[in-house]
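First up is the structure itself, then whatever we jot down about it.
Nothing in this text is a laboratory measurement; each read-out follows from the coordinates by a stated rule. These numbers were taken from a predicted model, which means no experiment stands behind them. Heads up, the Cβs are rebuilt from the backbone with ideal geometry, glycines too, and the neighbour counts pull from every protein chain shown.
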Amino acid sequence: MSSMAQRRSGNSHTTISITWADKDEFRRFAKEVKTTKNGKMFEPDAELFTKLLEYYKSDPTHSRNDIIPKTYPNKISQDDVQLDSSHEEPK
């Protein structure tokens, strides 16, 4: 399995960086879970993200990659450049 970053053993969660404005808008979709003595408690971000992901997966207008793409490409080494040039088509 190839992942974008190394996962630590036993760690099941990651951090996704978004703007505060997007976070505030995202939180508007949280549903109230219960009322505690300190006030209303709402769904956590992880549950909202799961719902968003389920929506994307069920909507046919959103395509899905067969592989997990990395956000940024790997740095190309000189060995890779030489290997690629050996497969050039004759002109």
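Sort the following peptides by mean Cβ neighbour count (other Cβ atoms within 10 Å, averaged over residues), highest first: 29-36, 42-49, 11-18.
42-49, 29-36, 11-18
How far, in nm, would the chain grow between Asn11 and Ile68 when pulled straight, counting 0.36 nm per residue and subtracting the alpha carbon separation?
18.6 nm
Once the piece of chain linking Lys57 and Ala21 is laid out straight, how much longer is it, given 0.36 nm per residue of separation minus the C-alpha distance between them?
In short, 10.5 nm is gained.
If the cut-off is 30 Å between C-alpha atoms, which lysines fall inside it for Lys51, apart from same-chain ones fewer than 8 positions away?
The reachable lysines, counting only those whose Cα sits under 30 Å from Lys51, are Lys23, Lys31, Lys34, Lys37, Lys40, Lys70.
Report the local net charge at Lys31: Lys and Arg +1, Asp and Glu -1, summed over other residues whose C-beta lies under 12 Å from its C-beta.
+2
Quick one: which residues, 5+ away or cross-chain, put their amide H under 5 Å from the amide H of Phe42? H built at 1.01 Å from N.
Those lying under 5 Å, H to H, from Phe42 are Val33.
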